[in-house]
Amino acid sequence: AQTVTQSQPEMSVQEAETVTLSCTYDTSESDYYLFWYKQPPSRQMILVIRQEAYKQQNATENRFSVNFQKAAKSFSLKISDSQLGDAAMYFCASANYGGSQGNLIFGKGTKLSVKP
Amino acid sequence: KAGVTQTPRYLIKTRGQQVTLSCSPISGHRSVSWYQQTPGQGLQFLFEYFSETQRNKGNFPGRFSGRQFSNSRSEMNVSTLELGDSALYLCASSPTVKETQYFGPGTRLLVL
């Protein structure tokens, strides 16, 4: 079975500093994607970044980047120059696209606080 | 392009009642998935629809059902509501299956 684990229930970062959120996953599939979603207090789930497993290059979106370690099944999110608006729950998710299912499997989430 | 919309945004029901939630995907998106979010169980997959056909279903009892219309809009229904059905129900759409999913704002259901 596919699983996603986020070992940090809560994290805190000073404004303008850098923070890294951890995620590990387990899958037997070869064709899968990994995602980070952000859920602010409004509860709207917002896509932050995605990584195709077949790509060796780590994905980057402005201040957000990932460290994808395929062999270790690790997928961490780095947020640079943290802003107050980054405060939210962050969910790591995976989706197997090789088989018939393509639904997202989510971790339990990491609550990020940003201190001014 | 407008995002995923869900109606209603908030709902209060009593045990034993049934409820229907609606989701309109992003224009041009033909795949719709539903997820349940609770503090205890986190985010769990309910079902996925594509071209009016249910492709996949999560591990939920038969009280949870859904459908998709020819315009890709989707509804999910929960019959004989239980207290444990209180949750945020999230709908997500994607252009086709096996593509990045974009979420709506959710429907908060409270069962009393």
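No value in this document is a laboratory result; all are computed from the given coordinates. Source: prediction; values computed, not measured. Quick reminder, even Gly has a Cβ in these numbers, built from the backbone with ideal geometry, and neighbours come from all protein chains shown.
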For peptide B:95-103, the mean count of other chain Cβ atoms within 10 Å per residue Cβ is 5
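With both partners inside chain B, how many of the DSSP beta bridges are antiparallel, as a percent to the nearest 5? Don't jump to the answer; show the numbers that get you there.
On the way: 37 of 41 bridges.
Close to 90 percent.
How big is the Rg/Rh ratio for the range A:58-116, C-alpha atoms only, Rh by Kirkwood, two decimals?
Details: Rg = 13.7 Å, Rh = 13.3 Å.
Rg/Rh: 1.03.
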Using eta = 1.306 mPa s and T = 10 °C, Stokes-Einstein with Kirkwood Rh from Cα pairs puts D for the range A:40-92, in µm² s⁻¹, at 129
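Can you pull the semi-axes for the range B:27-112, root of five times each eigenvalue of the Cα gyration tensor, sorted largest first, whole Å?
Working: eigenvalues 98, 36, 25 Å².
The three semi-axes for the range B:27-112 are 22, 13, 11 Å.
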Treat chain A as a sphere of radius equal to its Kirkwood radius over Cα pairs and apply Stokes-Einstein at 37 °C in a medium of 0.692 mPa s; give the translational diffusion coefficient in µm²/s, rounded to a whole number.
-> 230
Quick shape check on the protein assembly as shown: root eigenvalues a ≥ b ≥ c of the Cα gyration tensor, a/c under 1.5 is rounded, otherwise prolate if a/b tops b/c, else oblate, and it reads prolate
Take the Cα radius of gyration of the range B:70-112 and divide it by 2.2 N^0.38 Å, with N its residue count; two decimals is plenty.
-> 1.42
Taking 7 Å along the Cα-to-C-beta vector as the label spot, tell me the B:GLN17-B:ASN71 distance in nanometres, rounded to one decimal.
-> 2.6
When N counts the residues of the range B:1-57, how does its alpha-carbon radius of gyration compare numerically with 2.2 N^0.38 Å, as a ratio?
-> 1.30
